[in-house]
1. Using mean Cβ contacts within 10 Å as the protection proxy, how do 7-16, 151-160 order, highest first?
2. Work out, step by step, the length gained on full extension between D158 and T52: first 0.36 nm times the residue separation, then minus their alpha carbon distance; give nm to one decimal.
3. Just reorder I33, I61 by solvent-accessible area, largest first, 1.4 Å probe, all chains present.
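The values are calculated or read from the model by the stated rules, or taken from the named source; none is laboratory data. No experiment lies behind these values; they were computed from the predicted model shown. Cβ coordinates were reconstructed from backbone atoms using ideal geometry, including for glycine residues, and neighbour counts include every protein chain displayed. The area values use the complete protein model at the heavy-atom level, side chains included, leaving out ligands, DNA and RNA. Shrake-Rupley method; radii C 1.70, N 1.55, O 1.52, S 1.80 Å.
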Amino acid sequence: MLKQQKADDDLLKIYGRIVAISIFLLVLAVLGIKYFNAMPAIAGKSLALEHTRFLNITTMIKSQWLSSGRPKQLLLNWPSMAPKAPDNKSAIESAKVSPQRVVDTLGNQFVATDNWISLSDKGWPVIDSLDVLGCKRLWYQLLATQLTDIEVSYDANDKICRYTAEDSANINYQFTSGQVLFFQKVAIESK
């Protein structure tokens with residue numbers, strides 16, 4: 001009888017461990033689902049912050065354009081945002097790259113090189129090439145950040161660069177007028 005009781009106790013311990021592990025895995029699954037469902041909302045909030053930065057930077061460029069005598073181009077310098085950028089003049093000279101390579105590599109050397117931005121006759125930043133590549137380059141030039149999880153498109157009819165996050169939030173930049181618009185999908189709950 002003693003052997004039977006010991007076997008029953010062992011089975012109860014194993015059963016208790018299985019139940020505990022099952023509850024733990026269930027809690028992890030619920031947390032994982034909530035985390036991954038929140039990811040698009042986080043991307044949209046991140047894009048909202050980038051919208052504010054985009055507005056501030058285009059306004060600063062317009063102000064600099066006015067105070068500089070309305071040139072066709074301005075040099076943007078973001079050294080504080082590029083910690084790996086070369087500091088000495090010879091390193092900067094050796095880091096100069098073509099615009100195409102800058103978009104492909106997206107290294108920090110881009111920030112320290114000749115970051116000249118073209119301006120419209122009204123002082124707003126414009127894209128160098130009328131395509132998606134031009135819109136991507138404009139983003140890098142203005143914000144000095146990479147486009148992770150953001151889809152870029154170009155509307156040739158309205159001359160708009162559109163930057164769209166996974167949750168369909170987007171920033172539209174119309175470079176002819178300098179308008180920077182932010183759109184975000186709002187969930188409407190029905191009762």
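1. Peptide ranking by packing, descending: 151-160, 7-16.
2. On the way: separation 106, 0.36 × 106 = 38.16 nm, distance 2.21 nm.
Residue separation times 0.36 nm, minus the Cα-Cα distance, leaves 35.9 nm.
3. Output order, biggest surface exposure first: I33, I61.
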